[in-house]
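Report on the following structure.
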Amino acid sequence: MTRYPEGSIRELWTVSLPLMISTLASLCMIFTDRIFLAHYSVGALNASVNAGTLAWALTAGIGMITAMAEVFVAQYNGARRYSRLGIPVWQMIWFSFFSFLFFIPLAIWGAPAIFSGDPYAEMEIVYFRWLMVFGPSYALVTAFAGFFIGRGKTKMMIWLAVIANLSNIVLDWALIFGVPGWIPEMGIQGAAIATCFGYFFESAFLAYLFLKKENRENFGTGQWRLNWEEMVKCCKVGFPQGIFYTLEVLGWTVFFWMMSSLGEKHITISSICQSFAILLSFFCDGLSRGASAVAGNLIGANRHQYVNKVLRSGFILLILFSLTTSLILLVDPIDTVRLLFFSDFDGVAHTNLDADWQNSLKICMVFVFIFILFDGFRWLFSGLLTAAGDTFFLLIVGSFSVWIFLLAPVYLIVVKNSLPIEAAWGLTMVYGALFYLVYWVRFRQGGWKKINLVMTPPSQELEYNKEDRLEEEAVLPKFADRRE
């Protein structure tokens, strides 16, 4: 993939950095929405957290399925079967279009059924509906991106992410607050429209690059027809990952509903803590996807011995990142929170944070820091297991862990006894540590080494030798020695 030693820190960092920036830009859309909405009203902020977390569970769950294109692209690329790279991507593009059948009914009938009776129901319904209508656009982003990520060609995604995020910031300001004489004040609806436009722009630009003539000729990106066998293979790997991610984020949705039932302090501090956790997860997500791309190429080339080196490189990068984030989350975060969430744009405070709220927020930020550290290690293992196709394990563990390790203790200990917010986020920290240990044990067992996703079935070997091999032998000289 690169000119660096296989599995080294430099190789992993080179592949992961553009993905981190791309993810940061996407997450900044959510974070920026919340900052602008906090300045608009605290009610709008809390509504965006409740509705946005559920919407993210659904859109990101579908996006995790379509992102599995990158696993097959990586393994085909590692095996030098270049002419097949476009096939799994197209199956996930089709899957993205099919997801309209899921999102549109949710937008029309699901929103009022889910949020009716909530304190912020009117704003939650509007926000949720817009995100559902444009839900497939995020799935298209991850599907198209899989073609570039799987090949380690990720640098162009930096500029795309930056442009999309800058447009989101401008649209947030203009649509939420309005521009007198030009644009009416839209509030939370404006925040949703701005985010949807960002995802649509990213998917459209990636589609343009994916369908360029060079890619059609050399990587089969023009093979747009449905291939049910390839679709089943992608879904077999992707569905467990997507369902797991959806159930995990749905668990967080339930967590915030429980915090809402305990009062404004619980939900507001949780909204702030989760906003930082979401924003800083860009590093973990980008590193996980980078590790998956690097490891997928190694596994496809039958070089399993280098995967442990990728793991060590990832651990070092995560520790260095944690040292950096400690400056934000541990060194008196109150001023940062006050500036971002509780001050007008001229710096004048519009909401007073009393001493009790400040002390609670400081303690919760410490718990958030430790949770992000363990969650980062867990995401790294997830990327390596995903690269091998060991996603059924991720489904089983992810489906139960958030409910057993997080929601049940929070409900039985915190909600039942009306304990302070610090107790809830302390249990969140414990959940992150336990979840990490489960993934560590699975990776150490080594069952993932026996999985092969791209082996050609014997019944198709003759067909592959006749058609694909001739084409790949023609393409191979162009790319075998190419270094990014």
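The values are calculated or read from the model by the stated rules, or taken from the named source; none is laboratory data. Just so you know, these numbers come straight off a predicted model, no measurement behind them. Backbone-built Cβ (ideal geometry, glycine too); neighbour counts: all protein chains shown.
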Counted residues, the range 184-196 - those being touching a Phe, Trp or Tyr at 6+ places or on another chain (Cβ under 9 Å) and either assigned to a loop (DSSP other than H, G, I, E, B) or more than 22 Å from Val42 (Cβ to Cβ) (or both): 4
Exactly one of Leu361, Leu318, Leu329 is surrounded by 17 or more Cβ atoms within 10 Å (Cβ to Cβ), on the phi < 0 side of the Ramachandran plot and at pLDDT 90 or above, and that residue is Leu318
Where the second residue is of a type in the set (D, E, K, R) and outside any loop (DSSP other than H, G, I, E, B) and the first is under 9 Å from Val73 (Cα atoms) and lies in the range 146-167, which pairs have Cβ atoms under 8 Å and are six or more apart or on separate chains? Gly146/Glu70; Phe147/Glu70; Ile149/Glu70; Ile149/Arg289; Gly150/Glu70
Residue match in the range 184-198 (condition: of a type outside the set (Asp, Glu) and within 30 Å of Phe392 (Cβ to Cβ)): no
Looking for something farther than 20 Å from Ala57 by Cβ and polar (S, T, N, Q) - is there at least one such residue anywhere in the range 223-238? yes
Could you tell me whether any residue of the range 162-174 is assigned to a helix (DSSP H, G or I), touching a strand residue (DSSP E or B) at 6+ places or on another chain (Cβ under 8 Å) and surrounded by fewer than 22 Cβ atoms within 10 Å (Cβ to Cβ)? yes
Having 3 or more residues that are modelled with pLDDT of 50 or more is the bar; report the helices (runs of 4 or more DSSP H) wholly within the range 417-484 that clear it. 421-445
Test: residue in the range 197-212 that is under 23 Å from Glu70 (Cα atoms), basic (Lys, Arg) and assigned to a helix (DSSP H, G or I): no
What single numbered condition from (1) in a helix (DSSP H, G or I); (2) surrounded by fewer than 22 Cβ atoms within 10 Å (Cβ to Cβ) fails to hold for Trp224? (1)
Of the residues in the range 112-128, how many are in contact (Cβ under 8 Å) with a residue 40 or more places away in the chain and part of a helix (DSSP H, G or I)? 8
Residues of the range 224-281 being over 30 Å from Asp118 (Cβ atoms) and without any contact (Cβ under 8 Å) to a residue 12 or more places away in the chain, which ones? Trp228, Glu229, Val232, Lys236
For the range 33-58, what are the residues that are outside any loop (DSSP other than H, G, I, E, B), surrounded by fewer than 23 Cβ atoms within 10 Å (Cβ to Cβ) and either at positive phi or among the hydroxyl-bearing types (Ser, Thr, Tyr) (or both)? Tyr40, Thr53
Hey, any hits in the range 71-78 for a residue that's surrounded by fewer than 23 Cβ atoms within 10 Å (Cβ to Cβ) and out of contact with any Pro (no Cβ under 6 Å at 6 or more places or on another chain)? no
Looking at Ile278, Ile267, which is the one that is under 14 Å from the mean Cα position of the chain (by Cα) and under 29 Å from Asn359 (Cα atoms)? Ile278
